[in-house]
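Coordinate-derived values only; no laboratory data. Predicted, not measured: the structure shown is a model, and the values here were computed from it. Neighbour counts run over all protein chains shown; Cβ positions are idealised from the backbone, glycine included.
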Amino acid sequence: MIDAHERLDFRIQQWIFKQGWDRLREIQCLAIDPILSGKTDVLISASTAAGKTEAFFLPAISSIADQVSGVGILYISPLKALINDQDRRLESLSDLLDIQVTPWHGDSPQGRKNKLKRNPSGIILITPESLESLLIRDSGWVKSAFQNLKHIVIDEFHAFIGTERGHHLLSLLHRLEHLLGRVNAPIPRTALSATLGDLESVPASLRPNKSLSCKIIKQTQSSSTLKMQVKGYIESAVVIDEAVTAEQSVCNDLYGLCRGGNHLVFANSRSRTESIATTLAEMCESNTVPNEFFPHHGSLAKEMRETLEARLQQDQMPTTAVCTMTLELGIDIGKVNSVVQVTAPHSIASLRQRMGRSGRRGGASILRMLITEADLTEKSSIVDKLRLELVQSLAMIRLLVASKWYEPADTSLYHFSTLLHQVLALIAQWGGIRADQIYVLLCKDGPFQQVTVTHFKDLLSHMGKVDLITQLGSGELVLGFMGEKITNHYTFYAVFKTPEEFRIVTGSKTLGTLPVDSLILEGQHIVFAGKRWVVELVDTDKKVISVQHAKGGKPPKFGGSGMAVHDVVRQEMLKILKEGDYRVQVGEQRIEFGDAVAQALFKEGADFFKTAKLESTHFLQYGNTAVVLPWAGDKVVNTLVAVLIHKGFGAGAFAGIIEVENTLIDDVIGALKSFRDDQTISAIDLADAIAEKAIDKFDEYLPQEILVKGYAARAFDVEKARALVKELLMARFKQAKEVKL
DNA sequence: GACCTGCTGCGGGTTG
């Protein structure tokens, strides 16, 4: 293995020597044989800056070094910024071997694209959307230019798994193999990904039809250590003049922790990112020191983002980015001293990714979480009394440290919107194509394998009705008037859309806007602008949601993050509340990672848990409110909320806790019993009651039946919810028996 | 107090 590099092209060996590397890293050695063989897919899993890209490119370039013409390597990236990085990083190597590298995305220079058009060779760096546009507009050129294609590599593959865009990508790759006549001699795919849990399941997401095997290469356990701390803050219920607000104390600490070094502060929302960055910049100004705190998020101008990225990478001046997930993926910013999370993270997967940004020169990764909980009053919500934002943060740290687990992709989704897109794209690419050919290409052999022939026929006939497609006398399908219109517009190439905002209105007053990508049911209770509301009416045409004041106690400060929290996280939260201890076991020792305030806040939550006897019951009468504590992930919790609304209750869920106001808990238990015994309630019934089911980009063109089916699969899990209810009721039954004895 | 990604061809103007 040590001599593996000798199998590389001599000029590449020279290049390695010139970099001053005394040897290749382990993953780089391991990747050489499988990639040179060209006979297997490869998954390379390693943390940021571990040399994944070189692990692929050294052998891949070696294998095309003497290729005279035609593009030899197709590199696909989810971000334009990553393509620009890769273009720079490949420069010295490609110069040495005289290999043409062409970045190809919406903003890359036309001159280099034209050059590749005239003389296809070397490496193309492209986004899925630009590849789609090439297939539709110039498939003849693609067919000849890619005739000698040897490797396909996908960067940041985890960003694609389980998403609409990921399905789009798989479909593009399959269409490309088909176009090049390589269905029976597949082009090997290499996926580059951060170290994420269940690697064995990834090959199925890289090539669903399994026509090539996959070799998994992973970084052996890195010896780097993780240092973490959770700091608690209390938001005062009454604002007194001159009192320091919780956000101000968070900023004071950030200023002390971050000034003088390079750090990333993740604040989970753009507005929070802005307000923290502004406060920190003002603190620099009032202390008459140069500002080193800058915001970074999706709504900021590209130039501002790039300036900040360059400043971090150059590492000349201390710099802290206050950011959203824009700095989570692999844009080259170098390693930072530490990562700070200012609100509870929503998934272990993203927390791991953020962690990977810290740890300079093999030193420890440092993670801090600064969590604010509300000052409690008589009327406080049960979510706040349990200190669930803190408990969620603690649970996530335990899962991060103690296990390799991360949230798996939801494989029950149909991706109908993307299927419709691909039907249109195929017809646009070929001009005309038969229905059975489309079915084989996309569903039977392609990535949409859970779509049945019946679904597919319904989809096509509806597409005919709305004039997206037309059938010729010969049986071939061609684009209809609407189909032409949609596919001719440049916005067609992306399969994802920016979610539509609904206006939230009470009476004649507008409260604000809400993106509708989560459950909104008439009768549902929600929290908006710090108050409780009940949804009266959802007007999908005018994009308006009418609400009315809901009575009840104070709304929870922590309503959940909007992104689904997984079952495993909620179970871990239950576990630490039961034990009254969140410390991590290392050998004989239990390691404390909370500061004094965090410890005190946790104790309040654990004490409330105990007093309310929540270790033995999942049902509670809390004043006028009936409360159900399922300790399950959001998909199951949402299913239970929809069931209760279906049965006529005004229910809502906050941070995984279900509340039904002005209701006796026995009535709720009765309703859940009938759900347990009534096998006829299905996810389809629940989805039928949802006013706005069109979530994905092309959902609006789907036939009703398919739209409902897709929505039901994505939003609800009735089987799991029923099994859980059975369990909760059984526990209650046992408990009642024990009390009697 | 909800996150992020991407996109063509062409016409018209300016500059070297």
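Annotation: the residues A:His178, A:His296, sorted from fewest to most other C-beta atoms within 10 Å of their own C-beta, follow the order A:His178, A:His296. Backbone geometry of region A:37-50 corresponds, through the Karplus equation with coefficients 6.51, -1.76 and 1.60 at θ = phi - 60°, to 3J(HN,Hα) couplings of 4, x, 10, 8, 6, 9, 10, 10, 10, 7, 6, 3, 6, 9 Hz, x marking Gly and Pro. When shorter helices are ignored and each DSSP H run of at least 4 residues is given -39500 (n - 2.57), the per-residue value for chain A at 222 nm works out to -12500 deg cm²/dmol. Using the Cβ-Cβ distance between A:Ala723 and A:Ser412 with R0 set to 22 Å, the FRET efficiency from 1/(1 + (r/R0)^6) comes to roughly 0.90.
Assuming a viscosity of 1.567 mPa s and a temperature of 4 °C, what translational diffusion coefficient in µm² per second does Stokes-Einstein assign to region A:539-667, Rh being the Kirkwood radius over Cα pairs?
Details: Rh = 16.8 Å.
It comes out at roughly 77 µm²/s.
Taken one residue at a time, the phi angles of region A:456-468 give Karplus couplings (6.51, -1.76, 1.60, θ = phi - 60°) of 5, 5, 4, 4, 5, 5, 5, 4, x, 4, 8, 6, 6 Hz. Gly and Pro are set to x. For the peptides A:67-78, A:200-211, A:284-295, the ranking by packing is A:67-78, A:200-211, A:284-295, with the highest mean count of neighbouring Cβ atoms within 10 Å listed first.
Provide, as a two-decimal number, the C-alpha radius of gyration of region A:4-218 over 2.2 N^0.38 Å, N being how many residues it has. Spell out each step's value before the answer.
Details: Rg = 16.1 Å, N = 215, 2.2 N^0.38 = 16.9 Å.
Normalised Cα radius of gyration, region A:4-218: 0.95.
According to the Cα gyration tensor, what semi-axes, each the square root of 5 times an eigenvalue, does the equivalent ellipsoid of region A:631-741 have, listed from largest to smallest in whole Å? Don't skip to the end; give the middle numbers.
Working: eigenvalues 182, 38, 29 Å².
Square roots of five times the eigenvalues give 30, 14, 12 Å.
The calculated FRET efficiency for the pair A:Arg270 and A:Lys737, based on their C-beta separation and a Förster distance of 56 Å, comes to about 0.60. By the Kirkwood approach, averaging reciprocal distances over each pair of separate Cα atoms, chain A gets a hydrodynamic radius of 28.2 Å. The dipole here belongs to chain A: it is taken about the Cα centre, uses +1 on the Cβ of Lys and Arg and -1 on the Cβ of Asp and Glu, and is about 1040 debye. Cα convex hull, region A:416-493: 85 Å³ per residue, rounded to a whole number. Look at the dipole of region A:1-142 built from charges on Cβ: of A:Val71, A:Leu8, A:Thr53, the Cα furthest out on the positive end belongs to A:Val71.
May I ask you to compute the full-extension gain from A:Lys302 to A:Asp375, defined as 0.36 nm times their residue separation minus their alpha-carbon distance, rounded to one decimal in nm? Each step should come with its number before you reach the end.
Working: separation 73, 0.36 × 73 = 26.28 nm, distance 3.96 nm.
Stretched fully, the A:Lys302-A:Asp375 segment lengthens by 22.3 nm.
Amide H to amide H distances under 5 Å link A:Ala364 with A:Thr225, where only residues 5 or more positions off or on other chains count and H is placed in the peptide plane.
For region A:338-413, what does the alpha-carbon gyration tensor say about shape, rounded, prolate or oblate, given a ≥ b ≥ c as the root eigenvalues, a/c under 1.5 as rounded, and a/b over b/c as prolate?
Numbers: a/c = 2.88, a/b = 1.45, b/c = 1.99.
Because a/c hits 1.5 or more and a/b fails to exceed b/c, region A:338-413 counts as oblate.
If you bin all the Cα-Cα distances of region A:31-144 at 10 Å, starting from zero, the percentages per bin are 13, 45, 36, 6.
Over region A:459-549, the ratio between the Cα radius of gyration and 2.2 N^0.38 Å evaluates to 1.59. In this structure, the amide hydrogen of A:Ala564, modeled 1.01 Å from its nitrogen in the peptide plane, lies closer than 5 angstrom to no residue at least 5 positions away or on a different chain.
Averaging over every viewing direction, what projected area does the convex hull of the Cα atoms of region A:158-262 cover, in nm²? Across all orientations, region A:158-262 yields a mean hull projection of 12.4 nm². Taken about its Cα centre, region A:4-218 carries a charge dipole of roughly 460 debye when the Cβ of each Lys and Arg holds +1 and the Cβ of each Asp and Glu holds -1. Its Cα gyration tensor gives region A:78-173 an equivalent ellipsoid. The semi-axes, each the square root of 5 times an eigenvalue, are 21, 17, 13 Å from largest down. Note on A:Asn114 and A:Phe10: the extension gain reaches 34.3 nm, defined as 0.36 nm multiplied by sequence separation minus the Cα-Cα distance.
Charging the Cβ of each Asp and Glu at -1 and of each Lys and Arg at +1, and nothing else, the dipole of region A:106-224 about its Cα centre rounds to 600 debye. Among A:302-311, A:437-446, the peptide with the highest mean count of other Cβ atoms within 10 Å heads the list, and the full ranking is A:437-446, A:302-311.
Taking a straight line from the alpha carbon of A:Lys709, these lysines sit under 19 Å away, with near neighbours fewer than eight places off in the same chain left out: A:Lys457, A:Lys635, A:Lys693, A:Lys697, A:Lys720. In terms of overall dimensions, the C-alpha atoms belonging to region A:139-218 reach 40, 24, 19 Å along their principal axes, ordered largest to smallest. Label sites at A:Ser286 and A:Leu96, each approximated as a point 7 angstrom past Cα along Cα to Cβ, lie 5.4 nm apart. Computed packing ranks the peptides A:118-127, A:135-144 as A:118-127, A:135-144, most packed first, by mean other Cβ atoms within 10 Å. Placing a label point 7 Å from the Cα of A:Asn624 along the Cα-to-Cβ line, no residue of region A:491-532 has its backbone N under 11 Å from it. Sequentially through region A:545-557, phi angles give Karplus couplings (6.51, -1.76, 1.60; θ = phi - 60°) of 10, 8, 10, 10, 3, 10, 7, x, x, 5, x, x, 5 Hz, Gly and Pro residues having no value and appearing as x.
Could you check what % of the DSSP bridge pairs in chain A are antiparallel, to the nearest 5? Please report the intermediate quantities before stating the final value.
On the way: 34 of 90 bridges.
Once the DSSP bridges in chain A are tallied, antiparallel ones form about 40 percent.
Placing a label point 7 Å from the Cα of A:Asp107 along the Cα-to-Cβ direction, the residues of region A:268-299 whose backbone N falls under 15 Å from that point are A:296-299.
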